[in-house]
Amino acid sequence: MVSRVIPAQPFDLVIFGGTGDLARRKILPALFRRYCAGQMDRDARIIGAARGDMDDAAYRDFARAAIDEFDDDAVCAAEHLETFLSQLSYVTLDARGDDGWAALKDRLDGSERIRAFYFSVGPALFGDLATRIEAHGLATPEARIVVEKPFGRDLASARALNAELAKHFKETQIYRIDHYLGKETVQNLMAIRFGNTLFEPLWNSQYVDHIQITVAESGGVGTRGGYYDKSGAMRDMMQNHIMQLLCLTTMEPPAKYDPHAVRDEKLKVIRALSPVEPGDVVRGQYEGTDRLPGYRNEVENCDTLTESFVAIKARICNWRWAGTPFYLRTGKRLRARASEIAIVFKDAPHSIFGAAAGRHRNILTIRLQPNEGIEMGVTIKEPGPGGMRLVDVPLDMTFSEALGPEAADIPDAYERLIMDVIRGDQTLFMRGDEVEAAWEWTDPIIDAWEASGAAPLRYATGSSGPDDALALMHRDGRSWREIRP
Ligand code: NAD
């Protein structure tokens, strides 16, 4: 199967924070891969802009090293590297002052082509950048800004940030990144639901027993401890990534695949979420092992009450989902790095095979990582004589097997999302009202934790989280799926 690559129009991309960790690990390698795929115009210009002193040659060396280290998929030929690098340049610039902005303006030389400003800096600088882009006359009608997470740390700060950005840019120019939406499987969730007639009639509380969403990491906070400890699993994962997965899984069919229609439907889901009862949320903090530090040691804060794990039983109050529970969990240092959405269908209303056949139910699993793909569990007869014995088998649609070897090379989410910015497609980016609604739902949970002053429950490294998280499902006569790679 040959994938179609549509070249993007010529563009200028300014990466504020172009020398930072995200630029190094994700943005620059993603751009190079799109370049190799023929999607980036040979005329495109990428301008790194950050505080450190550097000339163009040094920035190209920085990008070369980043690509060397982080582009390990070997799709990019070394022969492309030097021409790609020749399209990069660097401007030393201060987001908080006016130094360097004239030089940036010179680089952009009044060109009317597509101009994207990637805010790959701490959120405290988002307002400064937006102000100065406009003040220095860089906000052309073709300009757009890309804003990284976190988008606020509560409803009030998200509102303030939205209001600040809105002073300088229209909503149609603001691209709030949630890189989960750039994952191929997440988009496939929409294709599966709305491109087939098979699933949608069953996609409701009448046929679905419950839905589980797990985003499990096996690693700890590592070098991000300082940032993570001010955030926690709720702010870092639940409010954004898991919320987005929940929306795409449960939203009504949009009238068409366009930014307004899709985001309107997602917003309706968030607004239909019931407030979470205190007994329906569990939070935890990982303990260390002989070899690995526990959370508190890793973030160097022995009194910290920040959670590295959270599990929630959520409810969506609308016709489609009344009565269906949604079990959501995310955490670090769990048994494996594994993320999935599992749609667990109800038992058949009556078993003609009798009790001896056991209990069988269909589970549709959308795997986000590792091995992106979709698996449908179906019940069949166990082969051979000996009566009607039933067994569950997976109909596995691992993309690389179903679509051929080329599909094994699934583009990184950042590749897709950066190109969507250039194309001007906001479908896979969060709208301001969506982000605010998500905070409106999470704020009371976080406020209740802070008011109680209670410490998160401890859980062992390599486990499935605190026992109470298991009990959250057991008490409903259900159980989490095993976290496995
Ligand atoms: P970083 O600290 O590694 O880099 C920050 C960059 O901002 C550097 O290039 C620095 O020179 C520049 N900078 C700082 N102050 C500046 C100023 N006053 N003027 C101009 N430039 C300035 O940070 P990072 O990890 O690359 O993260 C960038 C953003 O992306 C943050 O909002 C972060 O939350 C978000 N993010 C990062 C990751 C990741 O994996 N690193 C993942 C998701 C989101």
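Here, each number is a calculation from the coordinates, and none is a lab measurement. Bear in mind the structure is a predicted one, so any value in this text is a computation, not a measurement.
Taking amide hydrogens as placed 1.01 Å from N in the peptide plane, the amide H of LEU13 sits under 5 Å from those of ARG45, ILE46, ILE47, ALA116, each at least 5 positions away in sequence or on another chain. Across all directions, the average projected area of the convex hull around the alpha carbons of the stretch 333-478 is 14.9 nm².
Across the chain, Cα-Cα pairs more than 30 Å apart make up 51 percent of the total. Pairs of Cα atoms nearer than 8 Å and 6+ residues apart set the relative contact order; for the chain it is 18 percent. The alpha carbons of the stretch 1-141 give a radius of gyration and a Dmax of 15.0, 51 Å, in that order. Look at where the Cα atoms of the stretch 51-109 and of the stretch 176-252 average out, and the two centres are 33 Å apart. If one computes the Cα centroid of the stretch 253-325 and of the stretch 403-453, what distance in Å separates the two points? Spelled out, the Cα-based centre of one part sits 13 Å from the other. When Rg and Dmax are taken over the Cα atoms of the stretch 402-473, they come to 20.0, 54 Å. Look at the alpha carbon pairs under 8 Å that are at least 6 residues apart: their mean separation over the length of the stretch 11-148 gives a relative contact order of 31 percent. Listed cross-link partners LYS105/LYS183; LYS230/LYS332; LYS167/LYS266; LYS105/LYS149; LYS268/LYS332 are compared with a 22 Å cut-off, the Cα-Cα value being larger for LYS105/LYS183; LYS167/LYS266; LYS105/LYS149; LYS268/LYS332.
What percent does the relative contact order of the stretch 56-122 come to when contacts are Cα pairs within less than 8 Å and at least six residues apart? Over the stretch 56-122, the number comes to 30 percent.
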